[in-house]
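As structure tokens, the structure follows; a few thoughts come after it.
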Amino acid sequence: MINTPTNQEFRLLGVYFPKSSFEFNYLAIEKTPHERSYNISIDPKGLISKKRFKLSLRINLTEKSGTFKGDFFAVGDFEFSPDSDIANHESINNLFYLNAPAIVFPYIRSFIANMSAQSGFDTIHIPTLNLTSLRDELKKNTTTEV
């Protein structure tokens with residue numbers, strides 16, 4: 001029998017990709033997929049509304065030699081337990097701001113890999129990343145709706 005925790009403070013309801021675009025310069029492709037190197041930047045924002053949290057991550061991905069440019073916008077939709085007070089509970093806040101991007105990021109990696117593979121170009125595999133540096137920026141860029 002599998003034990004499931006009964007005191008979950010939050011859970012992921014879904015990940016959505018409302019906007020994404022990418023551009024391949026196929027004439028400039030000279031390197032094999034394993035030789036390519038990418039720059040990635042992530043801009044986190046959050047919105048707390050009642051017992052929900054919307055985490056938005058804007059990911060800008062560019063291949064260093066200019067063969068690929070991508071801009072992806074992902075939204076993770078989280079729900080908090082009815083008895084949690086996310087806006088005023090510091091320990092939940094710190095844990096959530098640290099873990100929410102890490103929970104959503106594998107979906108983003110998969111989305112980019114699938115999208116690039118379906119385009120006919122080589123599949124882009126983004127490595128796993130340590131996203132702890134996003135915590136303070138996400139906390140600063142989170143607003144609360146009443």
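The values are calculated or read from the model by the stated rules, or taken from the named source; none is laboratory data. Worth saying up front: this structure is predicted, and the values here are computed from it rather than measured. FYI the Cβ positions are ideal-geometry reconstructions off the backbone, even for glycines, and counts take in every protein chain you see.
Which one of the conditions (1) modelled with pLDDT of 95 or more; (2) charged (D, E, K, R); (3) over 17 Å from residue 109 (Cβ atoms) does residue 51 fail to meet, given that it meets all the rest?
The single condition residue 51 does not satisfy is (1).
Considering only region 14-32, I want to know if a residue exists there that is surrounded by 13 or more Cβ atoms within 10 Å (Cβ to Cβ), closer than 21 Å to residue 123 by Cβ and at pLDDT below 65.
yes
One line per residue, one yes/no per condition, for (1) surrounded by fewer than 16 Cβ atoms within 10 Å (Cβ to Cβ); (2) closer than 18 Å to residue 129 by Cβ; (3) at pLDDT below 95:
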residue	(1), (2), (3)
56	no, yes, no
61	no, yes, yes
70	no, yes, yes
75	no, no, no
84	no, no, yes
88	yes, no, yes
99	yes, yes, yes
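Which is modelled with pLDDT of 95 or more and surrounded by fewer than 14 Cβ atoms within 10 Å (Cβ to Cβ), of 106, 44?
Values: 44 fails: surrounded by fewer than 14 Cβ atoms within 10 Å (Cβ to Cβ).
Only one candidate passes the filter, namely 106.
What are the residue pairs meeting all of these: first residue in region 125-145, first residue in contact (Cβ under 8 Å) with a residue 40 or more places away in the chain, second residue surrounded by fewer than 14 Cβ atoms within 10 Å (Cβ to Cβ) and among the charged types (D, E, K, R), Cβ atoms under 8 Å, and 6 or more apart or on different chains?
Pairs that qualify, where the first residue is in contact (Cβ under 8 Å) with a residue 40 or more places away in the chain and the partner is surrounded by fewer than 14 Cβ atoms within 10 Å (Cβ to Cβ) and among the charged types (D, E, K, R), are 145/50.
I'd like the residue in region 103-133 that is among the hydrophobic types (A, V, I, L, M, F, W, C), closer than 13 Å to residue 74 by Cβ and in a helix (DSSP H, G or I) and, out of all such residues, is farthest from the chain's Cα centre (by Cα).
115
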